[in-house]
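The values are calculated or read from the model by the stated rules, or taken from the named source; none is laboratory data. Everything quoted here is computed from the prediction, not taken from an experiment. With ideal geometry, Cβ positions are generated from the backbone for all residues, glycine too; neighbour counts draw on all protein chains shown. Note: areas computed on protein heavy atoms with side chains; ligands, DNA, RNA excluded. Shrake-Rupley method; radii C 1.70, N 1.55, O 1.52, S 1.80 Å.
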Amino acid sequence: MQRVNLSAVSEFVFVGLSDAPEIRFLLFVLFLLIYLATMAGNITLLIAIGTDSHLHSPMYFFLGNLSLLDLLCPTITMPKMLGALLLEHKEISFSGCLFQHFSLIDVVGTEIFLLTVMAYDRYMAVCHPLRYPSIMNTKLCAQLAVGTWATGLLNSLLHTSLVFTLSFCGPNKIQQYYCDIPPMLALSCSSTHSRELVILVVAGVLGGSACVVTVVSYIYILQEILARNSPGIWHKAFSTCGSHLTVVCLFYGTTICTYVRPSFTYSPHRDRVVPMLYGMLTPLLNPIIYSLRNKEVKCALKRVISQVRRAL
């Protein structure tokens, strides 16, 4: 019976941001420029981290993983959205929607856990500087990175199975520009209360644990700074942790507003805008934030750009 219900809807239709042709074209140009700038910024940062020996450290290893996630996140959603804006091709197959949903939740979940690992890395660097090289060795960094990607994958498998084993037999218009949890739950013609509860509990436990580890890490960092009270310690700590803290606040704020709430608070108009913050602007801003606040990254980027110029 469940298979019959699942096959009742063979495709979904995205409700676009606007139906006016002239506005759609302007939005297409705007989002295309954002997408290209995001790709350029994160690819450049990845090249700088990979080729510059000064950036071969745990902090930049995790930053490279973050840049890779920031490449994947908009790539999962924006090409389809750009096609809908330009060609009005708003349909997506059931399997295509499932894959998009799975990939997006995987990337978002992995980024949450990766930001937590980066907070722990900053804690070790500030609070245990002498033991830092031996503790944060290559093996541990690789294990932490693999662990974040694996946890994100398992989290996505759970959420996707909970959402896409529901019955979809009525409306098929998704009030969003990609397949996400809140609009998919709103389309289901079966009861979603128990699954919503599981989703909220899992998101609360995993996201809450990640948030607690991040907050505790920065509490210890603050205590260490206050205890030392040496000249220039505030500037050094801010240059070390300021970029990561800015990215954490930006990412956590938008994801919590999107996912950690019941479905009856879902608003199609508002919830088309909020996901753009973590789906488009956060991947665009992350390399800028880390570049502006970090002299080593600035120097590495300058060397990469000069090498590209010489090659051209």
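In table form, for the structure just shown:
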{"read-out": "Matching residues in region 101-136 - criterion: being among the hydroxyl-bearing types (S, T, Y) and open to solvent by 30 Å² or more (accessible area, probe 1.4 Å)", "value": "Y120, Y123, Y132, S134"}
{"read-out": "Residue satisfying all of: in region 118-135; under 26 Å from the mean Cα position of the chain (by Cα) and not small (G, A, S); nearest to I219 (Cα to Cα) among these", "value": "Y123"}
{"read-out": "Condition broken by N155, with the remaining ones in (1) among the polar types (S, T, N, Q); (2) farther than 21 Å from L68 by Cα; (3) modelled with pLDDT of 90 or more satisfied", "value": "(2)"}
{"read-out": "G16 being open to solvent by less than 40 Å² (accessible area, probe 1.4 Å) and either modelled with pLDDT under 70 or over 22 Å from the mean Cα position of the chain (by Cα) (or both)", "value": "yes"}
{"read-out": "Single match in L32, L36, L72, L68 (criterion: open to solvent by 20 Å² or more (accessible area, probe 1.4 Å), modelled with pLDDT of 90 or more, farther than 25 Å from K90 by Cα and in a helix (DSSP H, G or I))", "value": "L68"}
{"read-out": "Filter result for L82 (over 17 Å from the mean Cα position of the chain (by Cα), more than 30 Å from R303 (Cα to Cα) and open to solvent by 20 Å² or more (accessible area, probe 1.4 Å))", "value": "no"}
{"read-out": "Residue in region 85-100 that is modelled with the lowest pLDDT, counting only those that are assigned to a helix (DSSP H, G or I) and surrounded by fewer than 21 Cβ atoms within 10 Å (Cβ to Cβ)", "value": "L87"}
{"read-out": "Selected residue [touching a residue at least 24 places away in the same chain (Cβ under 8 Å), closer than 24 Å to D70 by Cα and surrounded by fewer than 19 Cβ atoms within 10 Å (Cβ to Cβ)] from G207, G147", "value": "G147"}
{"read-out": "Positions within region 170-191 being in a loop (DSSP other than H, G, I, E, B), buried (at least 18 other Cβ atoms within 10 Å of the Cβ) and either touching a residue at least 40 places away in the same chain (Cβ under 8 Å) or on the phi > 0 side of the Ramachandran plot (or both), in sequence order", "value": "Q175, Q176, Y177, Y178, C179, D180"}
